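J.: I'd like to ask you about the structure that follows.
The values are calculated or read from the model by the stated rules, or taken from the named source; none is laboratory data. Computed from a predicted model, the values in this text were never measured in an experiment. Ideal geometry is used to build each Cβ from the backbone, glycine not excepted, and the neighbour counts take in all protein chains shown. Quick note on the areas: whole protein, heavy atoms, side chains included, nothing else; ligands and nucleic acids left out. Shrake-Rupley method; radii C 1.70, N 1.55, O 1.52, S 1.80 Å.
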Amino acid sequence: MRQNRTLWLLDRLEREPRADAVIDALRTGIRSLPLGRGRDVLHGRWLGHPVHPLMVQVPIGSWLSAAVLDLLPGHSREAGLLVGVGLGAATPAALTGAVDWAELHPQQQRVGLAHALANTTAVGLYATSLVCRIKGRTARGRAFGFLGLAAVGVGGMLGGHLAYRQASGANHAEEVPHVVTEGWHRIGGVADFPAGQPVRRSVNDVPVVVVRESGGTIHALADRCSHLAGPLSEGTVKDGCVQCPWHGSVFRLSDGWNVRGPATAPQPAFDTRIVDGHVEVRLRRPGQDGQADQDGHASGDTTEQRTSGTGSGTAHGHGS
């Protein structure tokens, strides 16, 4: 079987380093923009997933509708209006995409740069189309419009590669509830977790970051950052939160909530308890937050519990 030529070209684009100097300059410039809290708004933390795919619907839909009207007689004015609407919506769509792009891996940024160039070309072609229509050169305006739609199609294909092949906007912690089994899992002795230091353990082969506070409370979250799977166990613990070392996302230790982006999804959190000097964790599932466990202890309670045999307090399964 022959390899798909398009996939071969995309794989080659991911490995092509010649534009890296431009990418570094653009990334630095975008990160230095004084956006403040607006940066998280552009990332889509309020929405729970990237906002860029939502924003691009307006220009793409407008331009596609304009192309349909251009194929019908007597609708040139309406088509021109839609071209203008698409141009107006292109700027906020580009801004949300640029903010997300600046926090990606190099391979993703290379494809993302090509994606941006294709869309910039489309904007230029549609702007020319609009000028031609205003000047009464309808046929030429239609021609530039169709060329713009072709450029949008190339940009959309590259954007799809970013999203689905390279998982640039996916939640990289989504699989945790589907992998971790029910019940309590022993992950080590209390002494194995120095106060204030993130420690990596695993449950059902799922990496977990464990942090013991100076007061004795123990927190556990999925270790791979939901943004791009960065190791939270190598991050910084401060003010009850852990910061990802890769792109700076901040998660609350008590419940995994993403208090700062670029992560748009929270981290799966674990209830914790101490049994005979050993720390045990249980994946916190919907409806369990703050609930009492089988032997009457609240979820997240770190008070010493003594159990024996196979009673209700015995942990089920063991991590490594």
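J.: Counting only other residues whose beta carbon sits under 14 Å from that of CYS241, what net charge do I get with K and R as +1, D and E as -1?
T.: 0
J.: So how much accessible area does SER129 have, in Å² to the nearest 10, using a 1.4 Å probe?
T.: Looks like 0 Å² after rounding.
J.: If you count only protein heavy atoms and use a 1.4 Å probe, how large is the accessible surface of HIS278, to the nearest 10 Å²?
T.: Answer for HIS278: close to 70 Å² accessible.
J.: Mind ranking ILE30, ILE218, ILE134 by accessible surface for me, highest first, 1.4 Å probe?
T.: Correct descending sequence by accessible area is ILE134, ILE30, ILE218.
J.: How much area per residue is accessible in the chain when the probe is 1.4 Å and only protein heavy atoms are counted (Å²)?
T.: With the other protein chains kept in place, the chain gives 51 Å² per residue.
J.: Another question, then. Taking Cα atoms, how many degrees apart are the long axis of helix 20-31 and the longest axis of the chain, rounded to 10 and kept between 0 and 90?
T.: Helix 20-31 sits at roughly 70 degrees to that axis.
J.: For P(r) over Cα pairs in 20 Å bins from 0, in percent, the choices are (1) 32, 53, 14, 1; (2) 33, 59, 8, 0; (3) 28, 42, 23, 6, 0; which was calculated from the structure?
T.: This structure yields the entry labelled (3).
J.: Restricting to DSSP H runs of at least four residues, report the calculated mean residue ellipticity at 222 nm for the chain, -39500 (n - 2.57) per run over all residues, nearest 500 deg cm²/dmol.
T.: -13000 deg cm²/dmol
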